[in-house]
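Notes follow the structure.
The values are calculated or read from the model by the stated rules, or taken from the named source; none is laboratory data. What you are looking at is a predicted structure, and each value in this text was computed from that prediction instead of being measured. With ideal geometry, Cβ positions are generated from the backbone for all residues, glycine too; neighbour counts draw on all protein chains shown. Heads up: the accessible areas ignore ligands, DNA and RNA and are worked out on the full protein's heavy atoms, side chains in. Shrake-Rupley method; radii C 1.70, N 1.55, O 1.52, S 1.80 Å.
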Amino acid sequence: MNGDLDVDMSRGDFNPSYFLGKLKDDEFESRSLSDDSFDALSGDEDKQEQRPKKKKRKTKYHRHTSYQIQELESFFKECPHPNEKQRLELGKKLTLESKQIKFWFQNRRTQMKTQLERHENVILKQENEKLRLENSFLKESMRGSLCIDCGGAVIPGEVSFEQHQLRIENAKLKDELDRICALANRFIGGSISLEQPSNGGIGSQHLPIGHSVSGGTSLMFMDLAMEAMDELLKLAELDNLLWSSKIEKESMNHLAGSRETGLVLINSLDLVETLMDTNKWAEMFECIVAVGSTVEMISNGTDGSRSGSLQLMQAEFQVMSPLVPIKQKKFLRYCKQHGDGLWAVVDVSYDINRENEYLKSYGCSKKFPSGCIIQDIGNGCSKVTWIEHSEYEESHVHSLYQPLLSSSVGLGATKWLATLQRQCESFTTLLSSQDHTGLSLAGTKSILKLAQRMKLNFYSGITASCIHKWEKLLAENVGQDMRILTRKSLEPSGIVLSAATSLWLPVTQQRLFEFLCDGKCRNQWDILSNGASMENTLLVPKGQQEGSCVSLLRAAGNDQNESSMLILQETWNDASGALVVYAPVDIPSMNVVMSGGDSAYVALLPSGFSILPDGSSSSSDQFDTDGGLVNHESKGCLLTVGFQILVNSLPTAKLNVESVETVNNLIACTIHKIRAALRIPA
């Protein structure tokens, strides 16, 4: 040390008062050298600068003896903070001044504090190094690790609760997507990639899931569709004896199952496209499907084809009689190609187990795996095996029609296949007979479009489908099996009254159809003929079957210039039933139509007849012991008679009793004349 400042800190005799000057004793009572003493130094500098400078005196320092230090240390262990009285007593004992005792304890406390801080620093450094090594080890271990909850990569650092929940949800969605892809690969026979492309999509091939159908629901639909497809293929492969046994067993449980095979004049691709397009399908089967729509397109197929196409559909199915309620169904339709030119299309109610109450409110009908197997045989033809498999509720069907609905011709395979064959044959015939009608292509199309509207209006008046907004009318003096409907019409303008009833006649379908189509016999039942026979002025054939055509009729023997009224009529006849529908039209309007003009403005009030087998024998497939088909001729048929009349030209007018009696008498008179002409007792 310089000069006389020979201070030994280890002995505890360093005294800062020589540097601070004369300060009050209590100013150092609660301060330590390491903190407050230096504050005092900095705080008193200004005061010292203001005071007159005095000449510093040289102070001689005395070292404490070993005894003094030992006693001070011993007392320090017992009491680190002695008070004034204790300092005086200790000073007397050790021959030291009270101020010396005070500074020794103060320095000792500072020394102790410094030693503790150094020791703590060493320990903290060791702990810090240990934690650093552990952190490095954990980071290394976490590389490539997966979260137990969400399955995602673990990222070091704090993760918010929201981020953690999102990762868990993402993991669930990814797991669901994996299951959907695995099922979809089996479903569509392709391969779906889960690699993330640059645009953030699912992959090079999109998963065929609709926008509004959730992934879980789509998965359920796919699974149900594939099970239905497997069931359809098994039903198609059953031999005749097993099939007959199955149908007999199911008929006891109100299950209508039927199968029919035949050739159709359409190639497999066109037929598949017709079945998968709701509008084309409803048009092809117009006498069965009142209305149809696609609720959700779940899959569009793969590679630009319909294979793998799956859609949720709903439709109204009708039987041409007021005694059979409309059947509304919601179902899945699934298409799959099984080979070169070999296709299968299957329908199945999408939730037959959990929506029984819902289905009951829509006509009590469940659709089990049903559809067709299509084999292309070349030359624009296909071999089609049609299978219908559904449940019906007898309590909602008139007893007259219960045998029909349990057979294959009500809404069974015979009905569907016969309708398909007739419609495809009609299209082929129209193409080949264009030159024989005497009309231009535009004229033919226009008159066929008018006949189509006439049929649809007639169907709607019979079945009360939602094509028109019919209101049911309860009237007195009307038979129990008679249904009266009314609607507001724009063309013709006014109130239209529709009346229809059904009955059984002991005559075959073929004989009754020929009688109604025979122009020479027309005056025996049609009051519009005014007692005269009718002849064709135009005939557009719509099939090879005799009587399948669209025609214009007029009273025979009358001069064309004398009559201003014609009858537009369409007729057809096949294994599932027959139709005769007609409506009076004026000559000026028909001249416009036959010239290719718009037929939408021609007023139509259709009337006519629907003829169906009674379902007693020939309507159901029966097999002999050798597995061969046996046809038993039915002894009767079901006839539905329907008329539509304009009762008032004002849409706001109210019906009167006379209008109801008029249409009721018209139907009763027509039925009476038919019975009389065919010599059928009342």
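Pairs, please: C-beta under 8 Å, at least 6 apart or cross-chain, first residue farther than 17 Å from Cys372 by Cα and in region 281-292, second of a type in the set (Phe, Trp, Tyr) and crowded, with 17+ Cβ neighbours inside 10 Å?
Glu286/Tyr459; Cys287/Tyr459; Ala290/Phe317; Ala290/Tyr459; Gly292/Trp281
Return the residue satisfying two criteria in turn: it lies in region 578-603 and is hydroxyl-bearing (Ser, Thr, Tyr) and open to solvent by less than 20 Å² (accessible area, probe 1.4 Å), and of such residues it is modelled with the highest pLDDT.
Tyr582
Taking into account only those residues within region 100-132 that are hydrophobic (A, V, I, L, M, F, W, C) and open to solvent by 100 Å² or more (accessible area, probe 1.4 Å), which is nearest to Ser74 (Cα to Cα)?
Per the criteria, the residue is Leu124.
Is region 462-485 home to any residue that is in a strand (DSSP E or B), under 20 Å from Phe609 (Cα atoms), in contact with a Lys or Arg (Cβ under 9 Å, 6 or more places away or on another chain) and not charged (D, E, K, R)?
Yes, region 462-485 contains a residue that is in a strand (DSSP E or B), under 20 Å from Phe609 (Cα atoms), in contact with a Lys or Arg (Cβ under 9 Å, 6 or more places away or on another chain) and not charged (D, E, K, R).
When you go through Trp504, Trp572 one by one, which is the residue that is in contact with a Leu (Cβ under 7 Å, 6 or more places away or on another chain), at pLDDT 90 or above and open to solvent by 80 Å² or more (accessible area, probe 1.4 Å)?
Testing whether each residue is in contact with a Leu (Cβ under 7 Å, 6 or more places away or on another chain), at pLDDT 90 or above and open to solvent by 80 Å² or more (accessible area, probe 1.4 Å) leaves just Trp504.
Would a scan of region 493-509 turn up a residue that is assigned to a strand (DSSP E or B) and more than 28 Å from His672 (Cβ to Cβ)?
yes
Which condition number in (1) farther than 18 Å from Glu273 by Cα; (2) free of Cβ contacts under 8 Å to residues at least 24 places away in the same chain; (3) β-branched (Val, Ile, Thr) is the one that Val324 fails?
Checking Val324 against (1) farther than 18 Å from Glu273 by Cα; (2) free of Cβ contacts under 8 Å to residues at least 24 places away in the same chain; (3) β-branched (Val, Ile, Thr), the one that fails is (2).
Cβ-Cβ distance below 9 Å, separation of 6 or more or different chains: which pairs start in region 462-482 with a residue that is at pLDDT below 75 and surrounded by 10 or more Cβ atoms within 10 Å (Cβ to Cβ) and end on one that is of a type in the set (Asp, Glu) and not in a loop (DSSP other than H, G, I, E, B)?
What qualifies is Ala475/Glu661; Val478/Glu661.
Does region 583-599 hold any residues that are touching a Phe, Trp or Tyr at 6+ places or on another chain (Cβ under 9 Å) and over 22 Å from Leu441 (Cβ atoms), and which are they?
Within region 583-599, Ala583 is the sole residue that qualifies.
Among the residues of region 521-540, write down those that are assigned to a helix (DSSP H, G or I), modelled with pLDDT under 90 and either touching a Cys at 6+ places or on another chain (Cβ under 9 Å) or not hydrophobic (A, V, I, L, M, F, W, C) (or both).
Ile527, Ser529
Checking Lys445 against (1) closer than 25 Å to Val592 by Cβ; (2) of a type outside the set (A, V, I, L, M); (3) part of a strand (DSSP E or B); (4) touching a residue at least 24 places away in the same chain (Cβ under 8 Å): exactly one of these is not met. Which one?
Of everything listed in (1) closer than 25 Å to Val592 by Cβ; (2) of a type outside the set (A, V, I, L, M); (3) part of a strand (DSSP E or B); (4) touching a residue at least 24 places away in the same chain (Cβ under 8 Å), Lys445 misses just condition (3).
Identify, by number, the condition in (1) in contact with a helix residue (DSSP H, G or I) (Cβ under 9 Å, 6 or more places away or on another chain); (2) within 23 Å of Thr385 (Cβ to Cβ); (3) open to solvent by 10 Å² or more (accessible area, probe 1.4 Å); (4) at pLDDT 75 or above that Leu255 doesn't meet.
Single failed check for Leu255: (4).
Condition (residue is at pLDDT below 90, of a type in the set (D, E, K, R) and open to solvent by less than 20 Å² (accessible area, probe 1.4 Å)) applied to region 361-369: is it met by at least one residue?
yes
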